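Heads up, the thing below is written out as structure tokens.
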Amino acid sequence: MGLFRRTPEPKGYRPTEAEVQSAADQLNAGSHHAAYDLAAHSGDYQQETAMRILGHCAEPPS
């Protein structure tokens with residue numbers, strides 16, 4: 001039995017900031033398809049990707 005347990009590397013695709021921003025812009029315009037597709041293709045990063053998209057959708061108060 002090893003002293004340290006290694007966790008497997010996450011599998012999937014971590015989208016770039018430009019891809020996340022594009023999906024967020026389309027989500028703000030009323031289309032969820034780009035955000036859904038981006039999150040679906042990100043594998044183990046799916047939850048992180050969804051939160052990044054939603055974070056980019058939030059508009060700062062004016």
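Descriptive notes on the structure:
- Residues of region 1-36 that are assigned to a loop (DSSP other than H, G, I, E, B) and either small (Gly, Ala, Ser) or touching a Leu at 6+ places or on another chain (Cβ under 7 Å) (or both): GLY2, GLY12, PRO15, ALA29, GLY30, SER31.
- Of all residues in region 1-32, those that are more than 21 Å from GLU59 (Cβ to Cβ), more than 10 Å from the chain's Cα centre (by Cα) and either open to solvent by 80 Å² or more (accessible area, probe 1.4 Å) or in contact (Cβ under 8 Å) with a residue 60 or more places away in the chain (or both) total 9.
- Flag if THR16 is of a type in the set (Val, Ile, Thr) and at pLDDT below 95: no
- Filtered residues of region 33-58 (kept if open to solvent by less than 90 Å² (accessible area, probe 1.4 Å) and either touching a His at 6+ places or on another chain (Cβ under 6 Å) or not small (Gly, Ala, Ser) (or both)): ASP37, LEU38, TYR45, GLU48, THR49, ARG52, ILE53, HIS56, CYS57
The values are calculated or read from the model by the stated rules, or taken from the named source; none is laboratory data. These figures come from a predicted structure and were not determined experimentally. We place every Cβ from the backbone using ideal geometry, glycine too, and count neighbours over all the protein chains shown. With ligands, DNA and RNA removed, areas are computed over all heavy atoms of the protein, side chains included. Shrake-Rupley method; radii C 1.70, N 1.55, O 1.52, S 1.80 Å.
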